[in-house]
Amino acid sequence: MKTEQEPQPDWMQELASPPFNEPMFTAKMKSDVSQSAANGVISRKRRRAPARLISMTAGVLALLLIAAVWGWRESPALQRMIPIQGWGYAAKWTPRSVYTVDGVDKLQVFPGGEAAAGSPAGAWWNLLTPIQELEGKTISISAVHRDTGTIIEELAETKITSDMAYNELTRVSSRFALPLSGLWRFDVMVDHEKYGDIVIDVPDSSWEPSPNFVSAASEDQAMLSSQFPPTEMTGIKGHLGFIDPGFIAGHPNKYMWHFWGSKEELTGDLVITAVKQNSSEIIDVFKSRVAPYPHNGADASLPTTMSLPSPGLWRIMVSIDGQLFGSVIVEVAKP
């Protein structure tokens, strides 16, 4: 995963410029301030405020302004409510499932009904252009996460073929698998030129620890011989899981992963990452290659060494060749 690099505004310039897209300093406010200033001149003739008090007040106001700016930068909710010039890109990040040019729809997306962070859901991308105009060209889709700048490849460069025709449009599918909740912008490129973009507010998935299960083949083996007790795993039965000795913060341990799927799905570079509950920092956990190798009833298996740095709930995510395959929620104990 990469991070989108955007130039950060200079603090002094940002504090010196108006922070709102619309004028917030109204004519009435100007009148009130002018009146207060006039009254202040008269008052100063009667009583001069101590210089130390004025200095302290100015300092407190400066600190409050800095705190407000910092709070805005750390709060996506405030960014949507108060789009500050140069930072918010409010229109750019407004959720939309249709891309329109001059009032005409050009691109649509239909994510799977269970779309949530950490879980592949699949999506249809409708390019509202007849296949005759697009056949032979290439399409690719990338996604960037607004709050972290994380960039993923939603769809690798793919040739548009006649079997993608659907009525008067061209339809392409993708896994639609996002590692983090929040706003994601998807840029659709055709022959390396921008065709359109979509913004989706991806909900968070459940943080309930993943259940334990026993693979069907392992159960059958155990019934035939008491020498082979059924192998219990943690994860999603029939999709992915690992033999789980438990997690202790900061303590590495060995974990045997198991995967179910097609040969194409289970061949390639494997990357295991993790994110902690109430955090958006994705950490690297393990990297290797995976290939079909049946074991314990699974279509592929791989021994790994993993460690998570702090106690709490963690989502462990497995990606194969840049595509999120699935995730498991675990609870990490204190040392």
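Determine whether segment 305-325 contains at least one residue that is touching a Leu at 6+ places or on another chain (Cβ under 6 Å), farther than 21 Å from Ile152 by Cα and modelled with pLDDT of 95 or more.
Among the residues of segment 305-325, not one is touching a Leu at 6+ places or on another chain (Cβ under 6 Å), farther than 21 Å from Ile152 by Cα and modelled with pLDDT of 95 or more, which makes the answer no.
Over 15 Å from the mean Cα position of the chain (by Cα) and either among the acidic types (Asp, Glu) or over 29 Å from Ile282 (Cα atoms) (or both): does that describe Thr170?
For Thr170, the condition - over 15 Å from the mean Cα position of the chain (by Cα) and either among the acidic types (Asp, Glu) or over 29 Å from Ile282 (Cα atoms) (or both) - is met.
Run Val285 past the list (1) among the hydrophobic types (A, V, I, L, M, F, W, C); (2) crowded, with 16+ Cβ neighbours inside 10 Å; (3) closer than 18 Å to Pro209 by Cα and report the number of the one that doesn't hold.
(3) is the only condition that Val285 fails.
If you take the residues in segment 90-124 that are under 21 Å from Glu265 (Cα atoms) and of a type outside the set (A, V, I, L, M), which one is farthest from the chain's Cα centre (by Cα)?
If we take residues in segment 90-124 being under 21 Å from Glu265 (Cα atoms) and of a type outside the set (A, V, I, L, M), then Trp124 is farthest from the chain's Cα centre (by Cα).
Any chance you could count how many residues in segment 164-186 are at pLDDT 95 or above and farther than 20 Å from Asp321 by Cα?
Number of matching residues: 10.
Pick from Ser307, Ser319, Ser288: which is without any contact (Cβ under 8 Å) to a residue 40 or more places away in the chain and among the polar types (S, T, N, Q)?
Being without any contact (Cβ under 8 Å) to a residue 40 or more places away in the chain and among the polar types (S, T, N, Q) holds for just one of Ser307, Ser319, Ser288, which is Ser288.
Select from segment 243-278 the residues that are within 21 Å of Gly322 (Cβ to Cβ), among the hydrophobic types (A, V, I, L, M, F, W, C) and in a strand (DSSP E or B) and list them in ascending order.
Trp257, Phe259, Leu270, Val271, Ile272, Ala274, Val275
Report yes if Ala249 is surrounded by 16 or more Cβ atoms within 10 Å (Cβ to Cβ) and closer than 18 Å to Pro209 by Cα, otherwise no.
Here the answer is no, as Ala249 does not meet what is asked.
Could you check, for segment 170-177, whether at least one of its residues is crowded, with 21+ Cβ neighbours inside 10 Å, touching an Asp or Glu at 6+ places or on another chain (Cβ under 7 Å), aliphatic (A, V, I, L, M) and in contact (Cβ under 8 Å) with a residue 24 or more places away in the chain?
Among the residues of segment 170-177, not one is crowded, with 21+ Cβ neighbours inside 10 Å, touching an Asp or Glu at 6+ places or on another chain (Cβ under 7 Å), aliphatic (A, V, I, L, M) and in contact (Cβ under 8 Å) with a residue 24 or more places away in the chain, which makes the answer no.
Suppose the filter is in contact with a Gly (Cβ under 9 Å, 6 or more places away or on another chain), at pLDDT 95 or above and in the same structural domain as Thr150 (by TED's automatic domain parsing); does Ala115 pass it?
no
The values are calculated or read from the model by the stated rules, or taken from the named source; none is laboratory data. Everything numeric in this text was worked out from a predicted model, so none of it was measured. Neighbour counts are summed over all protein chains in view; Cβ atoms, including those assigned to glycine, are modelled from backbone coordinates with ideal geometry.
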